[in-house]
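Below: the structure, in structure tokens.
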Amino acid sequence: MEAISFETHPSGYRHFRLSVEGDQARLVLAVKEDAPLRPGYPLKLNSYDLGVDIELSDAVERLRFSHPEVRVVTFVSERERIFCAGANIFMLASSGHAFKVNFCKYTNETRLAIEDASAHSGQKYLAACSGTTAGGGYELALACDEIILVDDGSSAVSLPEVPLLGVLPGTGGLTRLTDKRQVRRDHADVFSTLAEGIRGKRAVEWRLVDACVPKSKFADHVAARARALAAQGPFKNGPGVTLESVRPYRYVTLEVSGRVATLTVAGPDPRRPHPDTPEAMRAAGSELWALRAFRELDDALLDLRFNRDEVGVVVLKTRGDLRALLAADHALARHQGDWFVREVTLKMARVLRRLDLTAKTFFAVADPGSCFGGSLLELALAADRTYVLDDPQRPVALAAGELNQGALPMSNRRSRLAVRHLEVPPPGELLHPAAAEAAGLVTIRADELDFDDTLRVAIEERASLSPDALTGMEASLRFAGPETTETKIFGRLSAWQNWIFIRPNATGPKGALTLYGKPERPSFDWRRT
């Protein structure tokens, strides 16, 4: 199968139309049936596949960077009586297990980017559900701040995965019902087992939607709510910044050898003064080191997930000048009041959360030439283990910076230092191996005689273990402390959906997902586990 590319541009969208007028934007969902990501299934009824979601993810990010003036984004459908039928079932049924789970994960990360834009960028989202809104289509609506459903006697919202497919709403639907929309547990139970869904007055009473409006008044009501939401948003000075392509990489290198990959991130060039004012950073635009490097890292992580599923262990390395990196981070930390600087930092945080949620083993290696400091120290803190070389002849140092103090939170909204139960080391202080070990920043410190063998044995041992067991272990250990809606969604996705997708009741020869759309009824093993 051809490698999947995660880069696109509004001029190349096939399934969405994005328009901006003043402080409002519209995302028109007009899925092209004959343009799936791969051949074999038509995208009927505004159903989506990964290709549709790649466009959505791009649009959400471009609105944040290129259109800071936008305060409300309205989702509308081009199709009559259909908002969105959700993830394409035939795409799911014909996909391998790893792809299905990673598809669900990516889709949910896109939904979370919408919620992040609402919470931190002042861009509210409104779902104008002008027809049937099912499965992942309703989960897209759940990611929005408000949901308006047309009252035409037939249009309903539904999560039909349990009764129709034998699986779960894969992008957080059940958790968002109870945690975000405060739907009662018993109501959510009824709703999630009704294939036909719920419409009209009951949908409003059960908090499944915010309003249900007759067709004759629907457009006016949506426009009024969009204006009201726009009035709540903060005004941000433009102009926006154009996001250029990240290919070829400038700061990231990805090398794969068998089941082991080495992912190296370079810090800013110390020979070039890093912009230290908001104006200079905006002038650098998407070429600003922090934005460019972390966008490249984001692309590389998605490449690892979807195109290199045989890779089990990723060795994280950094290269560059530690003081230049800390200076770049300092400029970002100092100007968080500027919209663009704030958006860059939020993007860095989202990419690091993508790393946290990637089902690969990550070993960080601090060796000569590395620059695990500040924002790049987060790579070591996100790793499952960190190995450092202790050789006086080839000095290595690590350092914390201002951005390590909570500006780049995990999905549980805590810093990675806090999750490790560590105090924040003094910003800018260079910690050599013994001090870094004492501060808890590294796992294994080895001298020049043992370092290479220690690392080699660790990688070989890790690569020999069950990938399924490692996925469960790593997901359990990475998110210590209190739960959030986000950690619940991904924890349940890793456990329940991963498990359900390989059970015969869902994906076996007689499973509900396998037989969807066929005249034959599924055959279940009725034993509860």
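Taking every DSSP beta bridge that has both residues in segment 1-159, what percent is antiparallel when rounded to the nearest 5? Looking only at bridges with both residues in segment 1-159, the antiparallel portion is about 25 percent.
Multiplying the residue separation of Glu461 and Arg202 by 0.36 nm and removing their Cα-Cα distance gives an extension gain of 87.7 nm. Using a probe radius of 1.4 angstrom, the carbon and sulfur fraction of the accessible surface of the chain is 51%.
One chain, two ends: Glu520 and Ser94. Fully extended at 0.36 nm per residue, the span grows by 151.6 nm beyond their Cα-Cα distance.
Computed from the C-beta positions of Arg81 and Arg227, the FRET efficiency with R₀ = 30 Å rounds to 0.70. Distance between Cα centroids, segment 429-456 to segment 80-112: provide it in whole Å. When both Cα centres are located, 42 Å separates them. For segment 130-213, applying the loop criterion from DSSP together with a ceiling of 14 other beta carbons within 10 Å to the trypsin sites (Lys or Arg not before Pro) yields Arg184.
Between Ala283 and Ser5, the distance separating the two model label sites (each 7 Å from Cα on the Cα→Cβ line) works out to 3.2 nm. Remark: spin-label model distance His120-His421 equals 2.7 nm, labels positioned 7 Å along the Cα→Cβ axis. Once C-alpha pairs closer than 8 Å and six or more residues apart are averaged by separation and normalised to the residue number of the chain, the relative contact order reads 12 percent. Once the C-beta distance of Ala469 and Arg185 is scaled by a Förster radius of 51 Å, the resulting FRET efficiency is 0.95 to the nearest 0.05.
The calculated FRET efficiency for the pair Arg503 and Arg334, based on their C-beta separation and a Förster distance of 51 Å, comes to about 0.45. Of all beta bridges that DSSP places with both ends in segment 17-92, some 40 percent have antiparallel geometry. Distance between the modelled labels on Arg250 and Arg385, one decimal in nanometres: 3.6 nm (7 Å Cα→Cβ projection). Rounded, prolate or oblate for segment 223-375? Axes are the square roots of the Cα gyration tensor eigenvalues, ordered a ≥ b ≥ c, and the cut-off for rounded is a/c under 1.5. Oblate. You can think of it this way: the chain between Ala211 and Ala495 has 98.8 nm of extra reach, that is 0.36 nm per residue less the Cα-Cα gap. Calculated mean residue ellipticity at 222 nm for the chain: -11500 deg cm²/dmol, from DSSP H runs with n ≥ 4 weighted as -39500 (n - 2.57), summed, divided by the residue count and rounded to 500. Going through [x] 3, 16, 27, 29, 18, 6, 1, 0; [y] 3, 13, 17, 17, 15, 12, 10, 7, 4, 2, 0; [z] 4, 18, 28, 26, 16, 7, 1, 0, the figure that equals P(r) over Cα pairs in 10 Å bins from 0, in percent as computed for the structure here is [z].
In the full protein context, the chain carries 42 Å² of accessible surface per residue, based on a 1.4 Å probe and ignoring ligands, DNA and RNA. Farthest toward the positive end of the dipole of the chain, out of Gly153, Thr454, Thr471, is the Cα of Gly153, where the dipole comes from beta carbon charges about the Cα centre. The distance from the alpha carbon centre of segment 1-52 to that of segment 251-296 is 28 Å, rounded to a whole number.
The values are calculated or read from the model by the stated rules, or taken from the named source; none is laboratory data. Just so we're clear, the structure is a prediction, and the values are computed from it rather than from any experiment. Glycine gets a Cβ as well: all are built from the backbone with ideal geometry, and neighbour counts include every protein chain shown. Each accessible area value is taken on the protein alone, full model and side chains, heavy atoms only, with ligands, DNA and RNA left out. Shrake-Rupley method; radii C 1.70, N 1.55, O 1.52, S 1.80 Å.
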